[in-house]
Amino acid sequence: MTVRPAAASKPLVHIYCDGACSPNPGIGGWGAVLIAPEHGNHRRELSGAEPNTTNNRMELMGAIMALRALKRPSRVVLHTDSQYLRNAFEKRWLASWQRNGWRTAQKQPVLNQDLWRELLELSAVHDIEWRWVRGHAGIAENERCDELAVAARMELAAKLGRR
């Protein structure tokens, strides 16, 4: 990641995020862990759920909600096990989708366009380095995000009387 001169003065935050959905589509949950190393590794955990969604939407919501939680522009290292999320930025899929009128290379409408648009707005505020981590590989913070997402999903399912 190339750090712009103004970026050096921004606080550093590590974000881990994940989504869960069962069945897919179905009841979904997202989880995020924010860690501020410059503030004694101050930590914040977030989670939420939606009744009718997909795993990909929940992956995006984890990132969105974590970025929304930041009180000021920050340098962010965002860790995700979602290639869908990471590659949209790192492989410039978003730029192509926008250039093509929010259509994929196959000329189909881009799914989750509402969430992608919000992520683009948030990424304009923060300096984000996107890092892919292997899911369910014992990475503590990624595992915690999965626990948060599953717990949020289960809690909503119980409220709705569904599994």
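The values are calculated or read from the model by the stated rules, or taken from the named source; none is laboratory data. Everything numeric here is computed off the predicted structure, so don't read it as measured data. A quick note on method: Cβ atoms are made from the backbone with ideal geometry, for glycine too, and the neighbour counts reach across all protein chains shown. Side chains are part of the model used for accessible areas, which takes the heavy atoms of the whole protein and leaves out ligands, DNA and RNA. Shrake-Rupley method; radii C 1.70, N 1.55, O 1.52, S 1.80 Å.
Selection over the range 72-102 of residues that are polar (S, T, N, Q), closer than 21 Å to residue 54 by Cβ and in contact with a strand residue (DSSP E or B) (Cβ under 6 Å, 6 or more places away or on another chain) gives a count of 1.
Entry remark, the range 65-95: residues being closer than 26 Å to residue 136 by Cα, open to solvent by less than 20 Å² (accessible area, probe 1.4 Å) and assigned to a helix (DSSP H, G or I) number 5 in total. Residues of the range 115-145 being open to solvent by less than 50 Å² (accessible area, probe 1.4 Å), charged (D, E, K, R) and either in a strand (DSSP E or B) or touching a Pro at 6+ places or on another chain (Cβ under 9 Å) (or both), which ones? Residues satisfying the conditions are 127, 129.
Considering the range 64-82, the residues that are without any contact (Cβ under 8 Å) to a residue 60 or more places away in the chain and among the basic types (Lys, Arg) include one that is nearest to residue 128 (Cα to Cα), namely 68.
In the range 12-29, the residues that are in contact (Cβ under 8 Å) with a residue 60 or more places away in the chain form Cβ pairs under 6 Å with partners that are open to solvent by 10 Å² or more (accessible area, probe 1.4 Å) and in a loop (DSSP other than H, G, I, E, B), at six or more places apart or across chains, as follows: 21/54.
Contact map, the range 98-124: first residue without any contact (Cβ under 8 Å) to a residue 24 or more places away in the chain and closer than 18 Å to residue 68 by Cα, second residue open to solvent by 50 Å² or more (accessible area, probe 1.4 Å) and of a type in the set (A, V, I, L, M, F, W, C), Cβ cut-off under 6 Å, separation 6 or more or different chains; the map is empty.
Taking the range 46-63 as the range and being without any contact (Cβ under 8 Å) to a residue 60 or more places away in the chain and surrounded by fewer than 19 Cβ atoms within 10 Å (Cβ to Cβ) as the test, the residues that pass are 52, 54.
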